[in-house]
Each structure stands twice: as structure tokens, then as C-alpha cells.
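Asker: A single structure is presented below for examination.
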There are 2 protein chains.
Amino acid sequence: MYAGEAHSLEVEEILYEGKSDYQEVLVFQSSSYGKVLVLDGIVQLTEKDECAYQEMIAHLPLCSIPSPKAVLVVGGGDGGVLREISRHTSVETIDICEIDKMVIDVSKKFFPELSIGFEDPRVHLHVGDAVEFLQHTAKGKYDAIIVDSSDPVGPAQELVEKPFFETIARALRPGGVLCNMAESMWLHTHLIEDMISICRETFKGSVHYAWASVPTYPSGVIGFLLCSTEGPAVDFLNPVNPIEEVEGAGKHKRELRFYNSEMHRAAFALPNFLKREVSLLRGAPAPFLVRGQRM
Amino acid sequence: MYAGEAHSLEVEEILYEGKSDYQEVLVFQSSSYGKVLVLDGIVQLTEKDECAYQEMIAHLPLCSIPSPKAVLVVGGGDGGVLREISRHTSVETIDICEIDKMVIDVSKKFFPELSIGFEDPRVHLHVGDAVEFLQHTAKGKYDAIIVDSSDPVGPAQELVEKPFFETIARALRPGGVLCNMAESMWLHTHLIEDMISICRETFKGSVHYAWASVPTYPSGVIGFLLCSTEGPAVDFLNPVNPIEEVEGAGKHKRELRFYNSEMHRAAFALPNFLKREVSLLRGAPAPFLVRGQRM
């Protein structure tokens with residue numbers, strides 16, 4: 001995912017090596033980041049810093065809408081996002097559509113702190129292709145959809161294309177929200193630009209970019225694209241459903257390690273270079289428009 | 001600086017290798033981050049991401065006080081921090097105390113976009129030991145002191161010890177501010193803890209921790225310790241001297257690439273794990289106290 005540099009973790013022991021119908025799956029014990037899950041040679045998560053990614057991708061959307069009830073996770077077979085969604089007592093249904101059963105099985109064996117997410121009785125697991133799954137989903141079914149995909153190579157390729165976003169938008173209720181993994185602001189400006197452009201056409205509510213620090217991802221950051229459909233306005237920048245007021249959220253299974261409402265708001269502050277590059281390419285005065293309102 | 005992992009940049013060409021009285025100095029052309037300066041084997045800066053570090057370490061303190069006039073830089077021999085201070089038209093004097101002349105010479109040869117900072121006529125260069133320099137400095141001379149040191153091994157060792165911070169505090173006017181490079185929240189929690197502890201004893205105004213994304217630093221982040229002396233209260237979290245209102249600051253030599261007032265405020269949002277660890281060790285209910293006021 002990034003030429004000209006490498007990030008290496010010291011391997012203490014290889015715990016699992018397998019090849020599913022979709023990708024190569026590797027688990028190893030590192031000396032400094034705990035156990036590590038690798039798909040097709042790309043680090044997906046480590047025990048030390050998974051909290052940042054999982055907590056942000058789940059709570060950025062769920063804390064931005066009042067009382068989320070029906071949630072869909074695309075990908076996320078490790079279960080970490082489910083664990084985070086579980087903190088929300090308002091949620092009644094959590095569908096998850098993961099294409100690769102091996103990821104789930106491997107997580108259940110080696111990452112119990114993540115796969116614990118599958119134990120929530122509200123979770124309904126669908127092993128299969130998310131595009132097909134969404135085509136059979138009732139229009140307007142979900143309050144929130146979280147796309148926790150791997151990088152857009154291999155099985156996740158079509159998850160950054162316009163038809164996929166259109167299918168997502170259709171499955172969301174009016175004023176429903178999407179949170180989509182969206183790469184590194186330092187390395188993948190053009191991919192981010194493309195995703196924002198597609199989402200602006202598809203989502204008629206608002207489109208915002210946020211980011212978080214994750215040491216084991218390329219350049220040490222990961223981005224999130226937050227979109228809402230036409231309907232009740234969503235102000236992603238100021239959580240209306242703050243996690244600190246969700247009963248038991250902080251103590252549920254384990255305490256929150258990364259996310260809080262200050263981190264939520266801070267995630268939307270963008271460096272000038274990103275604002276400028278996205279802005280110039282779009283020919284707009286500011287990169288992120290909330291329907292006519294400049295950030 | 002971090003066991004069990006490595007971050008590697010592809011070398012296109014070694015441009016300089018030398019050994020000063022203090023450290024080994026290396027400059028190379030990388031394939032993806034531009035030219036890179038390395039001291040004693042540790043990456044100090046790359047052309048691609050130096051903007052994040054230099055802009056944040058300079059503007060976090062200078063935008064937190066009205067109309068800064070006298071500024072001291074400790075270390076910073078590459079000139080990047082000087083370049084950023086130069087944007088502030090209120091500043092009348094910029095002293096810089098760098099121990100290693102070779103760093104300055106190498107920067108002037110290979111990093112003109114940074115060493116341009118030395119060309120500002122307000123800059124007064126002192127090549128020597130900062131501790132000695134500060135001992136001969138009049139009490140209360142500076143509005144702001146910026147410690148842009150290398151990691152606390154080698155010549156920078158004593159720059160994280162209590163006598164040094166006491167000397168800094170003495171050289172600041174009442175309500176003056178210090179911004180000190182303060183490592184990674186992911187990797188160096190104990191060192192951060194020690195520095196905060198010392199600074200709380202030494203600085204009677206406020207003590208805060210902030211951070212920024214810098215891909216080529218360990219774990220992809222760097223922290224800053226912001227302290228103020230007793231006197232006019234300093235609210236680091238809300239810049240009273242916003243860069244957007246400093247005339248010409250955005251166009252001075254080159255446009256700001258990273259810092260803006262949103263990034264300033266966001267830098268003080270801390271993940272739960274850091275709040276908790278620092279808090280527990282201190283036996284205090286919240287990690288960062290602004291004199292009796294919880295963050």
C-alpha cells in the first residue's frame with residue numbers, strides 16, 4: 001500500500017498460516033504489539049493499537065445520531081467493531097456481512113478480545129458478498145452502516161466504487177449514516193479524493209473526512225469517510241449521542257481505550273495540505289461542505 | 001527509541017555523512033519522503049512531513065499568547081522552527097541556541113526550505129550549550145521558549161531533567177510559555193509521565209499535553225508539552241492569537257501545510273488510555289489540570 005518504505009514488527013512466533021478462498025491469512029505474536037492479524041501481507045490489526053481503529057470506526061457514526069437501532073457491518077470479521085457497537089444499548093439489531101469465514105474462525109481462536117463481539121445476541125452473521133447482501137436488503141433498513149473492509153485490493157476492490165455506495169445509500173433510512181474506512185491522508189490523497197467525490201454525488205446529506213492515529217497502519221494514521229443520506233440533518237462534528245452518556249458504555253466488557261467525545265470532535269480537524277489538495281481538485285473553496293456551509 | 005519494530009525508508013542516494021563533536025550526521029535522498037536528516041541513526045526530519053512537526057511546535061505556543069515579542073529556540077539547528085516563528089509579525093527577537101554547528105551547516109546545504117529560517121534579521125544564533133546559555137539569560141526575558149531537541153539520549157539527555165526546566169521557567173516572563181518536544185503517547189508513556197510530573201512542580205501556570213501526526217516518527221506521532229509560568233493565565237486549548245489573523249502568516253515564504261486553529265484545538269484531545277495511565281500514576285482524577293479545573 002505504500003512504496004519506498006516499510007514498517008516491520010519483530011516476530012516472536014508464527015501462530016497461524018492459512019489460505020482461504022479469498023486471501024492469505026497470517027497470525028503472529030509480535031514482541032511489542034501483541035498478536036497481529038495479517039491478510040495478503042497487510043497488517044489488519046494488532047492487539048496494542050486495534051482500540052483506536054475499532055472504537056473510532058464504530059462510535060464516530062453511532063454517536064452522531066440519536067438512538068441508533070439497526071446497524072450493518074460490512075467486513076469486520078474479526079469482531080472488534082461488533083464489540084464496540086455492543087456498547088450502545090439503543091441498538092436492537094447488528095447485521096454483519098463478512099465474505100471470508102476464515103477471518104472469523106481465526107479471530108475466534110486467536111483474538112478473543114475482538115471476537116467477543118460475536119457473542120452479543122443482537123448480532124446476526126451473514127457469510128457472503130456484501131454487494132449481494134445489500135441488493136436483497138429492504139430499502140431504508142439501517143440507521144448506520146459501517147464498512148470495515150480491508151484495503152481496496154483483492155476482495156474489497158468493488159467496495160470503493162460508485163454502485164456500492166449507491167447500494168449503501170439505498171439501505172440507509174433518511175438521515176442514516178455511513179462510516180467507511182478511508183486510508184491515509186499522508187499517502188492516499190487521490191484515493192480519498194475519489195471516494196469523497198463519489199460520496200458527494202451519492203449521499204445528499206453531508207460528507208466529512210475524519211482520521212485517527214493507528215501506529216501500525218501505513219504512515220501511522222487511518223481515515224474515515226462519514227456520510228449521511230437526505231433526511232434529518234446529521235452534524236458529525238458534534239456528537240448528539242455522546243458515549244459518556246450511553247449507560248454502561250465505558251464499562252461494557254472492557255473500558256474504552258481510545259475514543260471519547262473530545263477525540264470525536266478532534267478527528268475532523270484536517271491539516272492544511274489535505275484541505276488544499278482536495279479543495280483544488282474539486283474546484284471548491286473549501287474541501288468539505290455541509291450543504292452550503294463551510295467548515 | 002522503540003524495540004521490536006522498525007520503520008525503513010528506501011534510500012536513493014546518500015548525500016552526506018559526517019561526525020560532529022556530538023553526533024553522527026547523515027543526509028539521504030529517499031524515494032518517497034524527499035531528503036531525510038538523521039542524527040545518531042534516528043530520523044529527525046523528512047521534507048515530506050517536517051511541516052507537521054515544525055508548524056505545530058512553533059504555533060502551539062506562539063498562538064496561545066497575545067503578541068509574542070521575544071522567543072528562544074533550544075536546538076532547532078535545521079532552521080524549520082525559525083521559519084515558522086518568522087510568520088509572527090509581533091516577534092522582535094528570535095534567539096536560537098544550538099549546540100551542534102554541523103547540523104546548521106548541513107541544513108543550509110541540503111535543506112534550504114528549512115534553513116531559510118536563519119535569514120530572518122530578527123534571528124540571533126548562539127552556538128553552544130543551552131543550559132549554560134540560559135544561566136546567563138536575564139530572568140523573565142522571553143515570552144516563549146521552544147525546545148526542539150533530539151531524543152533524550154546523547155547531547156539532549158539533560159534537557160528532560162528538573163534543573164533544565166527550572167532554568168527555562170526562570171527565563172520566561174510571568175505568563176510566558178514553554179513548548180517542549182515530548183515523544184510518543186503510544187510508546188513513551190512513562191517518559192511523558194515523568195516530564196509532566198516535573199513540569200507540574202516547576203510551572204505554576206498550566207501544563208498540557210498535545211500531539212500531532214508525523215509519519216516518520218516512531219508510532220507516527222509526536223507529542224508536545226505546553227507549560228506556562230505563574231502570571232496572566234494561558235488557555236492553550238483556545239488560541240488567543242489565531243494564525244489566520246496574523247497578517248501574512250499564511251503566505252510568508254510558503255503557505256502553512258499542516259497547522260490551523262482547528263488542528264491547534266484538536267491536538268489537545270487525548271485518547272482514554274493516555275488520560276488513564278497518566279491519571280492513575282498521579283493519583284489524580286483527571287490527568288491534566290488547569291489549576292483546579294478539569295479538562
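Asker: Hey, what number do you get for chain A at 222 nm if only DSSP H runs of n ≥ 4 count, each worth -39500 (n - 2.57), divided across all residues, to the nearest 500?
Answerer: -7500 deg cm²/dmol
Asker: Can you list the residues, at least 5 places off or on another chain, whose amide H is less than 5 Å from the amide H of B:LEU15, using H built in the peptide plane?
Answerer: Under 5 Å from the amide H of B:LEU15: B:VAL27, B:PHE28, B:GLN29.
Asker: Next question. Projected onto the charge dipole of the range B:1-150 (+1 at Lys/Arg Cβ, -1 at Asp/Glu Cβ, origin at the Cα centre), which of B:ILE94, B:SER115, B:TYR16 gives the Cα projection farthest towards the positive end?
Answerer: Looking along the dipole axis, the top candidate is B:ILE94.
Asker: Could you run the Karplus curve 6.51 cos²θ - 1.76 cosθ + 1.60 with θ = phi - 60° over the range B:131-147 and give me ³J(HN,Hα) per residue in whole Hz, x for Gly and Pro?
Answerer: 5, 4, 4, 5, 5, 9, 8, 4, 4, x, 6, 9, 7, 8, 10, 10, 9
Asker: Expressed as a whole number of Å, what is the distance separating the alpha-carbon centroids of the range A:204-273 and the range B:90-104?
Answerer: 40
Asker: When averaged across all projection directions, what area in nm² does the alpha-carbon convex hull of the range A:27-184 cover?
Answerer: Averaged projected area of the range A:27-184's Cα convex hull equals 8.8 nm².
Asker: HN-Hα J couplings of the range B:112-120 from phi, Karplus 6.51/-1.76/1.60, θ = phi - 60°, integer Hz, Gly and Pro as x?
Answerer: Each residue's phi maps through the Karplus curve to give x, 5, 9, 5, 4, x, 6, 6, 5 Hz.
Asker: Using the Kirkwood radius over Cα pairs, work out the Stokes-Einstein diffusion coefficient for the range A:212-262 at 20 °C and 1.002 mPa s, in µm²/s as a whole number.
Answerer: Here the translational diffusion coefficient equals 157 µm²/s.
Asker: Tell me which residues come under 5 Å, amide H to amide H, from B:GLU47 once H is placed; ignore anything under 5 positions away on its chain.
Answerer: So B:GLU47 has HN proximity to B:LYS35.
Asker: While we're looking at this one, here's another question. Search the structure for amide H atoms under 5 Å from the amide H of B:SER149, placed 1.01 Å from N in the peptide plane, and list their residues when 5 or more places away or on another chain.
Answerer: When sequence neighbours closer than 5 places are left aside, the close amide H contacts are B:MET181.
Asker: Right, something else. Grab the eigenvalues of the alpha-carbon gyration tensor for chain A, scale each by 5, take roots, and send me the semi-axes largest first in whole angstrom.
Answerer: Result for chain A: semi-axes of 27, 22, 19 Å.
Asker: In debye, nearest 20, what is the charge dipole magnitude of the range B:6-163 about its Cα centre with +1 on Lys and Arg Cβ and -1 on Asp and Glu Cβ, if you could check?
Answerer: With only Lys, Arg, Asp and Glu charged at Cβ, the dipole is about 580 debye.
Asker: Averaged over all directions, how much area does the convex hull of the C-alpha atoms of the range B:121-279 cover when projected, in nm²?
Answerer: If I average the Cα hull's projected area over directions, I get 10.3 nm².
Asker: Kindly work out what percent of the DSSP beta bridges joining two residues of chain A are antiparallel, to the nearest 5.
Answerer: Values: 30 of 50 bridges.
Taking every DSSP beta bridge within chain A, about 60 percent pair in antiparallel fashion.
Asker: What dipole magnitude, in Debye to the nearest 20, does chain B give about its Cα centre under +1 on Lys/Arg Cβ and -1 on Asp/Glu Cβ?
Answerer: Using Cβ point charges on Lys, Arg, Asp and Glu, chain B gives about 1120 debye.
Asker: For the range A:1-52, what value does the Rg/Rh ratio take when both radii are computed over Cα atoms and Rh is the Kirkwood radius, given to two decimals?
Answerer: Rg/Rh for the range A:1-52 comes to 0.98.
Asker: Averaged across the residues of A:223-233, what count of C-beta atoms belonging to other chains lies within 10 Å of each residue's C-beta?
Answerer: Working: counts 0, 0, 0, 0, 0, 0, 0, 0, 0, 0, 0.
Average neighbour count from other chains, rounded to a whole number: 0.
Asker: If you stretched the chain out fully between B:GLU245 and B:ASP105, how much longer would it get, using 0.36 nm times the residue separation minus the C-alpha to C-alpha distance?
Answerer: Roughly 47.0 nm would be gained on extension.
Asker: Percent of Cα-Cα pairs per 20 Å bin, from 0 to the last occupied bin, for the protein assembly as shown, please list those.
Answerer: Whole-percent P(r) values from 0 Å outward: 20, 53, 25, 2.
Asker: Given labels modelled 7 Å from the Cα in the Cβ direction, how far is it in nm from A:GLU255 to A:ASP194?
Answerer: Between A:GLU255 and A:ASP194, the simple spin-label model gives 4.3 nm.
Asker: What is the Cα coordinate range of the range A:1-99 on the first, second and third principal axes, sorted by size from largest, in whole angstrom?
Answerer: 43, 29, 27
Asker: List the trypsin sites (Lys or Arg not before Pro) within the range A:123-221 that DSSP assigns to loop and that have no more than 11 neighbouring Cβ atoms inside 10 Å.
Answerer: Answer by residue number: A:LYS139.
Asker: Under a no-solvent Debye model with one identical scatterer per Cα of the range B:29-83, what's log10 I(q)/I(0) at q = 0.14, 0.15, 0.19, 0.26 Å⁻¹?
Answerer: -0.45, -0.51, -0.73, -1.10
Asker: Quick one: give the max-minus-min coordinate of the C-alpha atoms of the range B:73-128 along each principal axis, largest first, in Å.
Answerer: 30, 23, 14
Asker: While we're here: Within the range B:190-209, name every residue whose backbone N is under 15 Å away from a label modeled 7 Å from Cα of B:LYS162 along the Cβ vector.
Answerer: B:194-204, by backbone N distance to the label point.
Any read-out appearing in this document is the output of simple, stated calculations on the displayed coordinates, not a laboratory observation. In this text, all values refer to a predicted model and were calculated from it rather than measured experimentally. Please note: Cβ atoms are built from the backbone with ideal geometry, for glycine as well, and neighbour counts cover all protein chains shown.
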